[in-house]
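The values are calculated or read from the model by the stated rules, or taken from the named source; none is laboratory data. Remember, it's a predicted structure, so these values are computed and weren't measured experimentally. In this analysis, Cβ positions are derived from the backbone assuming ideal geometry, glycine residues included, and neighbour counts consider all displayed protein chains. The accessibility values were calculated without ligands, DNA or RNA, using every heavy atom of the protein model including side chains. Shrake-Rupley method; radii C 1.70, N 1.55, O 1.52, S 1.80 Å.
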Amino acid sequence: QTLAARTLSAVAEYIKDGKAKRIVVLTGAGISTAAGIPDFRSPGTGLYANLARLNLPHAEAVFDISYFRQNPEPFYVLARELYPGKFHPTVSHAFITLLARRGLLSHLFTQNIDCLERRAGVPADKIVEAHGSFATQRCIDCRREYPDGPMREHVERGQVPRCEDETCGGLVKPDIVFFGEQLPSDFERSLHHLSMADLVLVIGTSLTVFPFAKLPDLTLDGKPRVLFNLERVGTMGTQADDVLELGDCDSGIRKLADELGWREELEELWTG
Ligand code: OAD
């Protein structure tokens, strides 16, 4: 066993001893629920439990590329609610920025499309947006990019944008990875950072969607993995150096920041 104990204070000691120089962070929708963005799978509050009004064949169809081709409206109903701009990063996002400032962040792999990592100040070259984001958009047929201004207007009005090339006229979709689509090429290219990591933090994800869900298992034996989540997920907890911090992630992260003596700096960074 690498850690003195399977506790956050042992993780803090490991960091303070200079043993964690390349930290990889893996995030999902749970890191943003405190910002007011629902996650997908939490019973009752998750998006998938609240899509009945959209009359989908099944909840995940709203992010399914073949369904979108036939029926893009439900996605645009959702896009209007989720569109970046009105949400603020959480204290857990700020902690990732703090890791970067201290030169300890190797990479952040996120499944989220809310762009809150960038907003929190995590350097762009450290972020791998595994499921894309709302930052850009294009035609699903000819792949021509579509401009930001008209995109925002369409989303705000709940209208489906169409390709600006009139001979094409295809549907425009944000560069979010839908079910049935490939992940961005930098996802595959960045995987080796996991086997080089000396600490992996997993925050707010159910680890149910592959290939992202396999990322924690690329950690080398003897390198600690810490889960900040409401529930135990994936293989987290099965390794000798796994630490489970079950509860809301902002509380867990604050606890770790206290153990590190970084709490004040964290709160300052977060409140700006
Ligand atoms: P899920 O909704 O599947 O899982 C969110 C996880 O975060 C659950 O385990 C919750 O218990 C936990 N959680 C919620 N709020 C929390 C909080 N405040 N503190 C700690 N934990 C909390 O979301 P993802 O794992 O991100 O794909 O889902 C993966 C992918 O499935 C998404 O990227 C999306 C979806 O279909 C696409 O859109 C392509």
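Of the peptides 244-256, 33-45, how do they stack up when ordered by the mean number of other Cβ atoms within 10 Å, highest first? Don't jump to the answer; show the numbers that get you there.
Working: 244-256: 19.5, 33-45: 15.2.
Going from most to least packed, we get 244-256, 33-45.
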* Structure fact -> the range 35-134: Kirkwood hydrodynamic radius (Cα pairs, Å) comes out at 15.0
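Give me the accessible area per residue for the range 206-272, probe 1.4 Å, as a whole number in Å².
Numbers: 3280 Å² over 67 residues.
That works out to 49 Å² per residue.
Calculate what fraction, in whole %, of the accessible area of the chain sits on carbon and sulfur atoms when a 1.4 Å probe is rolled over the protein chains. Please report the intermediate quantities before stating the final value.
On the way: 5910 of 12370 Å².
The C+S portion of the solvent-accessible surface of the chain is 48 percent.
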* Rg and Dmax of the range 145-272, Cα atoms, in Å? -> 20.2, 61
* **Prolate/oblate/rounded label for the range 174-245 (Cα gyration tensor, a/c 1.5)** => oblate
* To do: Two decimals is fine: what is log10 I(q)/I(0) at q = 0.08, 0.11, 0.12, 0.13 Å⁻¹ for the chain, from a Debye sum with one equal scatterer on every Cα and no solvent?
  => -0.34, -0.63, -0.74, -0.86
* To do: Note the full-extension length gain between residue 152 and residue 35 as 0.36 nm times their separation in residues minus their Cα-Cα distance, in nm to one decimal.
  => 40.0 nm
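Let me have the 222 nm mean residue ellipticity of the chain computed from DSSP H runs of 4+ only, each contributing -39500 (n - 2.57), with the sum over all residues rounded to the nearest 500.
Values: 10 runs with 82 residues, N = 272.
When only DSSP H runs of four or more count, the value is -8000 deg cm²/dmol.
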